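Notes follow once the structure below has been shown.
The values are calculated or read from the model by the stated rules, or taken from the named source; none is laboratory data. A quick note: this is a predicted structure, and the numbers were derived from the prediction, not measured. When we count neighbours, we look across all protein chains shown, and the Cβ atoms used for this are built from the backbone with ideal geometry, even at glycine.
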Amino acid sequence: MFNALFKRFTSHKPSRNTAKKRLQFSLIYDKLEVNDTTLTDLQNDIVAVISKYFEIDKDALELKVKRDDDVSALVFNTPILQVKRKRAS
Amino acid sequence: MEGKVIVVTSGKGGVGKTTATSSIGAALALEGKRVAIVDMDIGLRNLDVVMGLENRIVFNIVDVVLGKCKISQAAIRDRRIENLFLIPASQSDNKDVLSSAGVERVANELRKEFDYVIMDSPAGIERGFQNAVVGANEAIVICTPDVSSVRDADRVIGILYSRSLTPKLVVNRIEPARVERGEMLSYEDVLEVLSIELLGLVPMDEHVLISSNTGTPLVLQNDSKAGHAFKRIARRLNGEADLPIEVPTHKNSMWKKISKTLGFK
C-alpha cells in the first residue's frame with residue numbers, strides 16, 4: 001500500500017512492467033520467425049498447387065514474410081505465363 | 001508397474017536446473033519412492049559434486065548406453081537418503097557419442113527398475129537436450145524471473161509440445177521483496193507470458209549455495225525455504241496434484257497482508 005503511494009509520488013515506472021511488455025513482444029516476434037527450410041518447402045507446395053491451374057515462371061517468383069509493427073503478411077509474387085486449359089474428365 | 005521418466009530442462013543455463021533436479025529427486029526418494037537421477041550433460045558433469053557423490057563414480061551413463069556396464073554398476077547409491085541413486089555423466093566423452101535410440105532404450109530399462117527416473121538436461125536445445133528428452137514421459141521446465149530465461153523457456157516449451165510432452169513450470173529464485181518493489185517479474189507475469197501449468201515456486205535461498213558447497217542435499221536442511229518448496233513440488237508430482245502452491249513472501253510483508261485483508265492491492 002505504502003509502496004503504491006510512494007510510487008505515485010515519485011512517478012517512477014517499475015522495471016517489472018517494462019520487462020513483461022518487452023517479453024510479450026519478443027515472444028510474438030520469435031514465433032513469427034520462419035526458417036529457410038520451412039519457407040522453401042512452402043514455396044514448393046504453393047508452386048505445385050498453382051501449376052495445376054497456371055503455367056508460371058518458376059525462376060521469377062518470390063516468397064517472403066513481410067513484417068510491420070502491427071501486421072505480418074505472407075507475400076507470394078509470381079508472373080503467370082499462361083492459363084492451363086482444364087480437360088473435361 | 002513401470003516408473004515415470006521426467007526430464008528437467010530450461011533452455012538457458014544457470015537457472016538452477018541441477019539444483020532442481022537433485023532436490024526434486026531427493027524429495028521423491030524421501031517420499032519413499034525409488035529414484036534414479038541421470039546427468040545427461042555429457043562432458044560437463046555437475047550433479048555428482050552437487051549431490052556430494054563425486055568420489056564414488058566408477059561407470060557413467062555413456063558406459064550404460066554403450067553397453068560397457070550394467071545399470072546397477074553405474075548407479076551410485078546415496079548413503080544419506082534411501083532409494084536415491086545417481087547415474088553420472090561422462091566427463092571425457094563428447095555429446096555425440098550417445099544415439100537417441102540408445103538413450104531411449106536405457107530410459108525404458110530404467111523405468112522398469114525405478115519409480116522415477118529424472119533426466120537432468122544440458123542447457124541449449126541441441127543434441128544433448130534432444131537426448132535427454134527422447135525417453136521422457138513428463139517434462140519440467142525451470143526458469144527464473146528474468147527476461148532471457150523466460151524467453152528461452154518459451155522456446156523449450158514449444159519444442160517439448162512438438163514432441164507431445166506437456167511441460168510444467170517451476171519458477172526459481174523468486175525474490176519477493178523485489179517483486180513487491182516492482183523490480184522483478186512476478187510469477188503471475190511469467191505464467192501469463194508463457195501460458196503453461198505451474199508446478200511450483202521456489203524463493204531465492206542462500207542455503208542453495210551452501211548445500212552445494214558441502215555436497216549435502218538441500219531437502220535435508222529443514223530451515224531451507226528452497227528445500228521446502230522442492231519438497232512440495234515432489235509431493236505434487238507424486239500424486240498430490242492438489243497440494244496448494246505456496247507463493248514466496250518476505251518477512252516484512254505485514255503491511256501487505258493488512259492491506260490485502262482491507263481490500264487494497
remark   = Those residues of segment A:54-80 which are of a type in the set (A, V, I, L, M) and exposed (fewer than 12 other Cβ atoms within 10 Å of the Cβ) amount to A:Ala60, A:Val71, A:Ala73, A:Val75, A:Ile80
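Evaluate the following for B:Leu201: is it at negative phi and either more than 14 Å from chain A (Cβ to nearest Cβ) or surrounded by fewer than 18 Cβ atoms within 10 Å (Cβ to Cβ) (or both)?
Considered against the rule, which asks whether it is at negative phi and either more than 14 Å from chain A (Cβ to nearest Cβ) or surrounded by fewer than 18 Cβ atoms within 10 Å (Cβ to Cβ) (or both), B:Leu201 comes out as yes.
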query = Among the helices (runs of 4 or more DSSP H) confined wholly to segment B:168-227, which include 1 or more residues that are under 12 Å from B:Pro145 (Cβ atoms) and not aromatic (Phe, Trp, Tyr)?
reply = B:176-180, B:187-194
message = What's the number of the only condition in (1) modelled with pLDDT under 85; (2) within 14 Å of another protein chain (Cβ to nearest Cβ); (3) over 25 Å from B:Ile159 (Cβ atoms) that A:Asp30 fails to meet?
response = (3)
task = Within segment A:49-76, count every residue that is over 15 Å from A:Lys31 (Cα atoms) and not in a strand (DSSP E or B).
result = 10
task = Filter segment B:29-47 for residues that are part of a helix (DSSP H, G or I) and within 13 Å of the chain's Cα centre (by Cα) and give the result.
result = B:Leu47
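Can you report the number of residues in segment B:49-71 which are without any contact (Cβ under 8 Å) to a residue 24 or more places away in the chain and over 23 Å from the mean Cα position of the chain (by Cα)?
5
If a residue has to be among the charged types (D, E, K, R) and within 12 Å of chain A (Cβ to nearest Cβ) to count, how many in segment B:152-168 make the cut?
3
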